[in-house]
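Structure first, commentary second.
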């Protein structure tokens, strides 16, 4: 059975980050270990205020040391929200300690959305995130994060419409040092949504699309990145994993629509897990 460790925060309520990644990747048939970077009472998105936050940076080396004593090995290391430059250095050390020639490293460079950087981050953090992306096999930025990583205006990145422009953005992202880059929310047709991807290994470029559903939904980035990470862990080609992630994220949003007001804080991914599991059956190595 394939084994993945994901390193990101855990929001005790809100169905995002670890509380989305763990059930989604597990449903795909991948054993999932976790390293929480912080514990929050809720996520920090709209609808919640006064949340609690407990930093776990000092715990990560202790977890790592125990796991090394146990001789644990991981097929994939997948990082999500990381809260500080110090944490990034700790995570890079974890990658150095547990990476082998066969280990896949996936980085979701969580820094912002809709043209805005998340509170608490600055230019120094962006530079640290670039250094983390440089050791990744695959990175998964949205338009905001791609703009930050490339030091470009958000409108320049978000306004790209042609496949040629998208390919060039992705090519520049792999110039950070990663082998593959996936750019989410990439589609010029307002009736469609999806993701574009590029591999520096063979210069392969493609766009995966689905029906666009209007509105903004929390946790979709976490779910998308989790499916790509899980799929690649199972041995799927990048294109297959991205197409699966695009379709699953779309299905989760569609399942949320009847309960949009009640589920303002996330998407209803639970009813969609069965179909996701069935899609992965042929890739699971028992």
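Side notes on the structure shown:
- Computed over the range 3-283, relative contact order equals 17 percent, with contacts defined as Cα pairs under 8 Å that lie 6+ residues apart.
- Potential lengthening between residue 66 and residue 86 on full extension [0.36 nm per residue; Cα-Cα distance subtracted]: 5.2 nm
- For P(r) over Cα pairs in 5 Å bins from 0, in percent, computed directly from the structure shown, the correct entry in (1) 1, 6, 12, 16, 18, 16, 13, 9, 5, 2, 1, 0, 0; (2) 1, 5, 9, 11, 13, 13, 12, 10, 8, 6, 5, 4, 2, 1, 0, 0; (3) 1, 6, 13, 17, 21, 19, 14, 7, 2, 0, 0 is (3).
- Calculated FRET value between residue 55 and residue 204, using beta carbons and R₀ = 45 Å, to 0.05: 0.70
- Calculated SAXS-style log₁₀ I(q)/I(0) at q = 0.16, 0.19, 0.20 Å⁻¹ - the range 111-206, Debye, Cα scatterers: -0.61, -0.85, -0.94
- Over the range 22-92, relative contact order from alpha-carbon pairs under 8 Å, at least 6 apart, %: 27 percent
- Remark: 28, 1 ranked as 1, 28, counting other beta-carbon atoms within 10 Å and listing the fewest first.
- Compactness of the range 163-286, taken as the C-alpha radius of gyration over 2.2 N^0.38 Å, stands at 1.09.
- For the peptides 215-225, 164-174, 132-142, 55-65, the ranking by packing is 132-142, 215-225, 164-174, 55-65, with the highest mean count of neighbouring Cβ atoms within 10 Å listed first.
- Per-selection Rg to Rh, the range 1-106 - Cα, Kirkwood hydrodynamic radius: 0.98
- Distance between the range 130-170 and the range 211-286 - C-alpha centres, whole angstrom: 22 Å
- On the beta carbon distance between residue 275 and residue 124, with R0 = 35 Å, the FRET formula returns roughly 0.25.
- Percent antiparallel among DSSP beta bridges (both partners in the chain, rounded to 5): 45 percent
- The range 25-85: Cα Rg divided by the 2.2 N^0.38 Å rule of thumb: 1.38
A short reminder: the numbers here are calculations on the coordinates, not readings from a lab. Remember, it's a predicted structure, so these values are computed and weren't measured experimentally. Cβ atoms come from the backbone with ideal geometry, glycine included; neighbour counts cover every protein chain shown.
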